[in-house]
Amino acid sequence: MYAEKFTIYRKQFGALWDVFRANSLGMIGLIVLATFVIMALIGNFFTPYETAGVGTFAEILNPPSWAHPFGTDDVGRDVLSQVLKGAGVSLLVGMLAATISLAVGATIGLLSGYYRGILGIVLVRFTDIFLIIPALPLIIILAALLGSNIWNVIFVIGILGWPGTARIARSQTLVIRELPYTLRARSLGASEHHIILRHVLPGILPLLFANTVLVIGSAILSEATISFLGLGDPTRLSWGTMLNFAFSRGALFAGAYWYVIPPGVCIALIVLAFTCLGYALDEVLNPRLRKS
Amino acid sequence: MGLVQYALRRVIPALITFLAVIFLNFLLFHAMPGNPFALLLRDPRMPPEMRAKLAHAYGLDAPLQVQLLYYIQNVFSGNLGISLVYKVPVTVLVSERLVNTLILVTPATILSIVIGTAIGTLAGWKRGGKFESGALLSSMFVYSLPAFWLGMVFIMFFAVMMGWFPTSGITSYGMQYEGPLAYLSDLGAHLFLPTIVLTLVLLGQYAIIMRSSVVDVLAQDYILTAKAKGFEETKIIRDHVFKNALLPLVTLIGLNIGLIVGGAIQTETVFSYPGIGRLVFESLATRDYTVLEGAFLAISVSVIVANLITDLFYAYLDPRVRH
C-alpha cells in the first residue's frame with residue numbers, strides 16, 4: 001500500500017519535474033541558488049582569511065590581487081572571505097523569515113476565507129490594513145526598538161511579511177470551500193477541523209509554496225536594506241552590513257569598487273534566483289498558467 | 001453607484017487604516033515595555049521630584065488609555081510633538097521633507113510606469129521570442145536590485161570617478177543663484193541620479209505584470225473578433241489590448257505603493273537627499289523618536305491617500321467595480 005503510494009508520488013513528482021525542467025527561468029534560478037548554497041557551506045567551514053579582527057595598515061583598501069581576489073576592506077580584511085560568509089546569513093534570514101510569513105499568512109488567510117462571520121470580516125480588515133501600511137518603515141522601526149540581533153531581524157521581517165500570502169490563501173480558500181469534494185465532506189458530517197486540515201489546506205499549499213519562494217527573495221532584500229541602514233546584527237557579517245561599512249567609511253570616494261560591487265551583485269543574484277524560481281514554480285504548480 | 005458614492009464608501013476603510021496606524025504608533029512608541037519615552041525617565045541620577053515633573057509634562061503619569069486619547073487628539077490637531085534633537089515641531093520638519101520626497105518620487109514613479117508598461121506590452125505582444133525572455137529576465141533583475149546599492153554604484157562611477165553629477169543633496173550647499181534657471185539646473189543635476197535609480201528599481205514589477213496581463217488579454221475572444229474583422233495588429237494592440245491590460249496594473253500600483261516608499265528611503269539615504277526617507281535614517285541614527293514616529297505617520301498617511309486615489313482611478317476606468 002505504502003509502496004504503491006510512493007510510486008504514485010514519484011510519478012507525480014517526475015511529471016512536475018519535467019514541466020519545471022522545460023522552464024528556462026526556473027532552471028536559471030535553481031542553478032544560481034545552488035551556487036549560493038555551496039558558497040554558504042564553504043563560508044561556514046572555511047574562508048581564505050579570518051573575518052574577525054583587523055589587518056595591518058598596508059592592507060587597508062587594497063585593490064584585487066592574487067592574495068586577495070576581491071581586495072581588502074577599510075580595516076584590511078579580505079573581502080572575498082566576508083562575501084562567502086554573507087551567503088549563509090542571507091539564506092538563513094530569508095528562509096526562516098519566509099517560514100514565519102507563510103505560517104501567519106496561511107493561518108489568517110485560510111480562516112478569513114473559510115469563516116464568513118464576524119471572524120472572517122475582522123481578519124479581512126486586518127489583512128487589508130497591513131497590506132496598505134508600508135512594510136519597510138515598520139520593519140525599520142521594530143528592528144530599531146527591539147535591538148540588532150539576527151533572531152530579532154528574522155522575527156521582524158517574518159512577522160511583517162505575511163499580508164500578501166494571506167491574500168492568496170484567502171482567495172484560494174474561497175474557491176476550495178465551494179468545490180464538490182469539500183461540500184461532499186461537509187454533507188457527510190466532517191468536522192470543520194477535518195475539512196480545513198484535510199481538504200482546504202492541501203489545496204492552497206501548492207500556490208502558497210510558489211509565493212513563499214518569492215517571499216524569501218523579498219525577505220533577503222529587506223535584511224540587506226535594514227543591515228545597510230545600520231540595524232543589522234554586528235556579530236554576523238551580512239552583505240548589507242558590508243555595504244553599510246563601505247558606504248559609511250568612504251569606500252565610494254576612495255573608488256574601492258572591489259568592496260562595493262561583490263556584496264551588491266550577490267544580493268541581486270540571490271534575490272533574482274528566488275524570483276525566477278518563484279515565477280517558474282507558479283507556472284508549474286498553477287495549471288492555469290501552464291503554456292499549452 | 002456613482003463615482004462620488006463609491007468614493008465615500010472607500011473613504012471609510014481608509015480612515016480605519018489611518019486609525020490603525022495611529023494605534024500602532026502608540027503601541028510601538030508609548031505602550032511597549034522599554035519604549036523610548038519611558039527610557040527618558042530612567043536616568044538614575046534624576047531626583048524623584050524632577051522625574052514626577054517630567055512624567056507629568058510628557059503625560060506619562062496618566063493611564064495608558066488616557067495617553068492614547070491624548071495621542072489621538074494631538075495627531076488630529078496636527079501636534080506631533082517636538083524633535084528631541086532639532087527642538088522644532090515635528091510637523092514642520094516632516095512636511096518640509098515630504099515635499100522634497102514628492103519632488104523625487106513623482107517623476108520616478110511616472111517614468112517607471114511608462115517605461116515598465118511599454119516593455120511589458122512589447123514582451124507580451126512578441127510572446128515566445130528572444131525579446132520576451134530578455135525583457136522578462138532583465139525586469140526581474142532590476143526588480144531584484146537593492147536600491148541603496150544601485151545608488152552607491154552610480155555615485156561611485158558617475159559622480160566620484162566621472163564627476164558628471166554631484167554626489168549628494170538636493171542643491172549645492174551655500175550656492176548663490178543668478179536666476180531661477182540656474183537654480184533649476186542645479187536642482188536637476190542633483191535629482192538626476194536618484195531619479196534614475198528609483199525608476200530602475202521600480203519599473204521591473206510594472207513590466208512583469210503588464211506582460212502577463214497583455215498575454216491574458218490576447219487570449220480573449222474579443223481579440224480574435226478584432227483580428228477576424230481584419231484590424232491591423234498595431235491598432236489591435238493599441239485600442240483593444242493595451243487599454244484592457246492596464247486594469248490589473250492600476251491595482252498593482254495601488255498595492256505596491258509600499259515598494260515606492262521602500263525605494264525612496266534607500267535612495268534618499270544613499271544620496272543624502274533631504275526627503276522623509278532620509279529623515280527616517282537620520283532620526284534612527286540620533287535616536288530622535290518623536291521624529292521617527294512623526295515620519296512613520298506621515299509616510300503612512302501619504303500611502304493611504306495614494307492608495308485611495310488609485311482605487312478611485314480604477315473605479316473611474318472600470319465602472320464594473322462600483323457595483
| query | When you look at A:GLY189, is it more than 19 Å from B:PHE281 (Cα to Cα) and modelled with pLDDT under 85, yes or no? | reply | yes
| Is there a residue being within 14 Å of another protein chain (Cβ to nearest Cβ) and over 30 Å from A:THR275 (Cβ atoms) anywhere in segment B:175-197? | no
| query | Could we say that B:THR195 is closer than 26 Å to B:ASN256 by Cβ and either without any contact (Cβ under 8 Å) to a residue 40 or more places away in the chain or not hydrophobic (A, V, I, L, M, F, W, C) (or both) here? | reply | yes
| Residues that are hydroxyl-bearing (Ser, Thr, Tyr): which helices (runs of 4 or more DSSP H) entirely in segment B:249-323 hold 2 or more of them? | B:257-270, B:289-317
| Residue that is at the interface with chain A (Cβ under 8 Å from one of its Cβ atoms) and under 24 Å from B:LEU15 (Cβ atoms), where the choices are B:VAL280, B:VAL261 | B:VAL261
| query | Got at least one residue in segment A:24-35 being of a type in the set (A, V, I, L, M), more than 30 Å from A:CYS276 (Cα to Cα) and within 14 Å of chain B (Cβ to nearest Cβ)? | reply | no
| task | Test each condition in (1) touching a helix residue (DSSP H, G or I) at 6+ places or on another chain (Cβ under 9 Å); (2) more than 7 Å from chain B (Cβ to nearest Cβ) for A:GLY250 and report the one that comes out false. | result | (1)
| Applying the selection to segment A:1-38, what residues are over 20 Å from A:PRO206 (Cα atoms) and under 27 Å from the mean Cα position of the chain (by Cα)? | A:SER24, A:ILE28, A:ILE31, A:VAL32, A:LEU33, A:ALA34, A:THR35, A:PHE36, A:VAL37, A:ILE38
| remark: Filtering segment B:208-225 down to residues that are crowded, with 19+ Cβ neighbours inside 10 Å and away from every other protein chain (no Cβ under 14 Å) yields B:MET210, B:VAL214, B:VAL217
| field | Selected residue [touching a residue at least 24 places away in the same chain (Cβ under 8 Å) and aliphatic (A, V, I, L, M)] from B:LEU284, B:LEU203 | value | B:LEU203
| Which residue pairs have Cβ atoms closer than 7 Å, lie 6 or more positions apart in sequence or on different chains, and pair a first residue in segment B:73-85 that is under 18 Å from B:VAL280 (Cβ atoms) with a second residue that is part of a loop (DSSP other than H, G, I, E, B) and not hydrophobic (A, V, I, L, M, F, W, C)? | B:SER83/B:ASP288; B:LEU84/B:ASP288; B:VAL85/B:THR286; B:VAL85/B:ASP288
| query | Are there any pairs with C-beta distances below 9 angstrom linking a residue in segment A:89-100 that is more than 13 Å from A:SER227 (Cα to Cα) to a residue that is among the acidic types (Asp, Glu), with the two at least 6 apart or on different chains, and if so which? | reply | A:GLY94/A:GLU223; A:ALA97/A:GLU223
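The rows are residues; the columns are (1) over 14 Å from the mean Cα position of the chain (by Cα); (2) within 11 Å of chain A (Cβ to nearest Cβ); (3) of a type in the set (D, E, K, R).
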position: B:ASN256; (1), (2), (3): no, yes, no
position: B:THR267; (1), (2), (3): no, no, no
position: B:VAL303; (1), (2), (3): no, yes, no
position: B:VAL321; (1), (2), (3): yes, no, no
| task | Grab the helices (runs of 4 or more DSSP H) fully contained in segment B:133-239, keeping just those with 3 or more residues being of a type in the set (Gly, Ala, Ser) and farther than 21 Å from A:PHE247 by Cα. | result | B:180-218
| said: Quick check on my filter: what residues within segment A:178-232 are surrounded by fewer than 18 Cβ atoms within 10 Å (Cβ to Cβ), not hydroxyl-bearing (Ser, Thr, Tyr) and not in a helix (DSSP H, G or I)? | reply: A:GLU178, A:LEU179, A:LEU188, A:GLY189, A:ALA190
| query | Restricting attention to segment B:243-254, which residues are in contact with a helix residue (DSSP H, G or I) (Cβ under 6 Å, 6 or more places away or on another chain), away from chain A (no Cβ under 11 Å) and either among the aliphatic types (A, V, I, L, M) or farther than 25 Å from A:LEU25 by Cβ (or both)? | reply | B:ASN244, B:ALA245, B:LEU249, B:VAL250, B:LEU252, B:ILE253
| query | What tally of residues in segment A:233-243 results from selecting those that are within 18 Å of A:ALA144 (Cβ to Cβ) and either part of a loop (DSSP other than H, G, I, E, B) or more than 9 Å from chain B (Cβ to nearest Cβ) (or both)? | reply | 6
| field | Leading residue by the ranking (surrounded by the fewest Cβ atoms within 10 Å (Cβ to Cβ)) among those in segment A:129-177 that are away from chain B (no Cβ under 14 Å), among the polar types (S, T, N, Q) and part of a helix (DSSP H, G or I) | value | A:GLN172
| said: Under 9 Å between Cβ atoms, which residue pairs at least 6 apart in sequence (or on different chains) link something in segment A:262-283 that is in contact (Cβ under 8 Å) with a residue 60 or more places away in the chain and more than 8 Å from chain B (Cβ to nearest Cβ) with a partner that is of a type in the set (Lys, Arg) and surrounded by fewer than 23 Cβ atoms within 10 Å (Cβ to Cβ)? | reply: A:GLU283/A:ARG290; A:GLU283/A:LYS291
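The values are calculated or read from the model by the stated rules, or taken from the named source; none is laboratory data. Remember, predicted model here, so these are calculated numbers, not experimental data. Because the Cβ atoms are built from the backbone with ideal geometry, glycine has one as well, and the counts that use them run over all protein chains shown.
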